[in-house]
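Following: one structure in structure tokens, then a few remarks.
Only the coordinates and a few stated rules stand behind these numbers; no lab work does. Worth saying up front: this structure is predicted, and the values here are computed from it rather than measured.
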Amino acid sequence: MDNSILPTIETERLILRQVTADDAEAYFEWAGDERVTKYMSYSTYSSAEQVRDWLETVPNVWVYVRKSDGLLIGSGDISPDSSGNGFRVFGYNLRFDCWNKGYATEAVKAMIKYAYELGARKFTAQHAVENPASGRVMEKCGLKFDGYGSYKKIDGSCEFRSKIYKADLDEILF
């Protein structure tokens, strides 16, 4: 949430731990897959070395490690919304072969719980309209549709119409 080391969090099927540059090869599995990066704000990476360079610059990203086999299957983060409105914004992505298995919901709930325990109560996230599965994750995590917006890829190559979800959580039962 700030630039400190993130804690390791365990869920039923996952271990969320701080990403390191040593995770580059495994991370490239989804960051280099156009099916995964299609609606992400970042472009598809072309090499594990490119991922390693990026990982050396990011302080607060969790990787999701599947307990059953130790495989890194995704990543996510949660941080203050840049608008200064007190919301925490979160994002996540998973290897393509791990879609539709409940891993994203499980990981996001754990990230929200962590932020909640630190005092956060307001959460927001958005997804491309063309990617409704991501909206279902947000809904399963207690967020409600709040309106439409848009976002661009960091390199400006593409803009997406988005659905914005928000929650002001006074009580969460995990």
### Task
Can you tell me how much longer the chain between GLN50 and ASN100 gets when fully stretched, taken as 0.36 nm per residue apart minus their C-alpha distance, in nm with one decimal?
15.2 nm
### Task
Report the relative contact order of the chain, percent, no decimals, based on alpha-carbon pairs under 8 angstrom and at least 6 residues apart.
20 percent
### Summary
Computed Rg/Rh for the range 81-131 (Cα atoms; Rh = Kirkwood radius) stands at 1.02
### Task
Could you calculate the contour length gain from ASP33 to TYR148, that is, 0.36 nm times the residue separation minus the distance between their Cα atoms, to one decimal place in nm?
38.7 nm
### Query
Looking at the square roots a ≥ b ≥ c of the eigenvalues of the Cα gyration tensor of the chain, which shape do they give, rounded for a/c under 1.5, prolate if a/b is larger than b/c, or oblate?
rounded
### Query
Given 0.36 nm per residue, what is the gain on full extension from ARG121 to THR8 after removing their alpha carbon distance, in nm?
38.6 nm
### the range 94-174: Lys pairs at Cα distance under 20 angstrom, eight or more positions apart or on different chains
22
